[in-house]
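The values are calculated or read from the model by the stated rules, or taken from the named source; none is laboratory data. This one's a predicted model, so the numbers in the text were calculated from it and none came from an experiment. Positions of Cβ are generated from backbone atoms using ideal geometry, with glycine treated the same way; all protein chains shown enter the neighbour counts. For the accessible areas, the whole protein counts, side chains as well, though only heavy atoms, and no ligand, DNA or RNA atoms are used. Shrake-Rupley method; radii C 1.70, N 1.55, O 1.52, S 1.80 Å.
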Amino acid sequence: MAVLKLFLMAFSFVFWAAGLTMITLGIWAKISLGTYLALSTNEYPNTSFILLATGAAVIVWGFLGCFSAATEHRCLLRTYGSFQLAVLVAGLAAGLSSLFYRKDIAEGFQNGLHEAIRSYAEDEEKAGALDSIQRTLDCCGVESYRDWFSSQWSKEQQAPNGSVPASCCRARKRCLHSPLPFGARGIYRDGCYSKVYNFVSGNMLYIATAALGLALMQVVGIILACLLAARIPPHAQPPGGTIPH
């Protein structure tokens, strides 16, 4: 009993730390991938929200694990084990969704990027997200900078079909981008699709690995909670079935 209590209390502390890790991963995913996911035309599970919600719940219930082990409260131990099972399911959902949907999410950017270029002059939100991606990933257009030439925005510039946004410039000052000089000097020539695909796929893989690893940890907690609850005898009741006060 004493060894089981110590193990469960130690695991509860690790469980609480895992909750902090989940919240950190959720915030990081929201900040790092939020701009990219906003442009995707595909529907996808909100992995960052799952991680944030699960991490917050884990932190709260991690204290319950320590308390139930210290007091040897059978009902609380069973409740804690049930919660561990729920966390296991949530962690598996976050990890597997990141694995299964990462290709669909990345491929959704091809249509999303084309749509953002088409609506660049009208949709400020998508225009800002696209500018952020082009500056961050050092890219321009979908497949190449030439994707901008057929856009409505480019047609409205002083040099029709020969302009790109300032976010395509390698330097913020003295960049000739409207119209482009011969050879498209001074701008990013590579398209954004391949870079976004690699960035999102790689980071989704890290999130999936971490989420699945944290989820599998719950198996240990479920086993410890069940073993300790099974070793605690039920409270004896007096004759007549009444519960003493």
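Ignoring ligands, DNA and RNA, how do Tyr197, Tyr145, Tyr206 rank by accessible area with a 1.4 Å probe, largest first?
Details: Tyr197 70, Tyr145 20, Tyr206 155 Å².
From most exposed to least exposed: Tyr206, Tyr197, Tyr145.
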| field | Inter-probe distance in nm under a simple model that places probes 7 Å from Cα toward Cβ, at His73 and Ala93 | value | 2.7
| Karplus (6.51, -1.76, 1.60) ³J(HN,Hα), θ = phi - 60°, over the range 192-208, in Hz, Gly and Pro reported as x | 8, 4, 5, 6, 5, 4, 5, 5, 5, 4, x, 6, 5, 5, 5, 4, 4
| Among all the lysines, which ones have a C-alpha under 28 Å from Lys5's C-alpha, if same-chain residues fewer than 8 places away are not counted? | none
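Note down the relative contact order for the range 119-202 as a percent, whole number, built from C-alpha pairs under 8 angstrom at least six residues apart.
Working: 126 pairs, mean separation 26.5, N = 84.
With pairs under 8 Å counted, the relative contact order is 32 percent.
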| note | Note, Leu180: beta-carbon cut-off 11 Å, +1 each Lys/Arg, -1 each Asp/Glu, net +3
| field | Nonlocal amide H pairs with Ile187, under 5 Å, H built at 1.01 Å | value | Arg170
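Under 23 Å between C-alpha atoms is the cut-off here; go through the range 59-210 and count lysine pairs that meet it, provided they're at least eight residues apart or on different chains. Mind showing how you got there, number by number?
Numbers: Lys103/Lys126; Lys103/Lys195; Lys126/Lys155; Lys126/Lys195.
For the range 59-210, the number of qualifying lysine pairs is 4.
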| Efficiency of FRET from Cβ geometry, Leu216 and Val3, R₀ 22 Å, rounded to 0.05 | 0.45
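Taking 0.36 nm per residue of separation and subtracting the Cα-Cα distance, what length does fully extending Lys173 through Thr136 add?
On the way: separation 37, 0.36 × 37 = 13.32 nm, distance 1.70 nm.
Roughly 11.6 nm would be gained on extension.
Ranked highest first by average number of other Cβ atoms within 10 Å, how do 117-129, 14-26 line up? Don't skip to the answer; put the middle values down first.
Numbers: 117-129: 15.8, 14-26: 19.6.
Descending packing order for the listed peptides: 14-26, 117-129.
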| said: Between Ser82 and Cys226, what is the label-point separation in nm under the 7 Å Cα-to-beta-carbon projection? | reply: 1.6
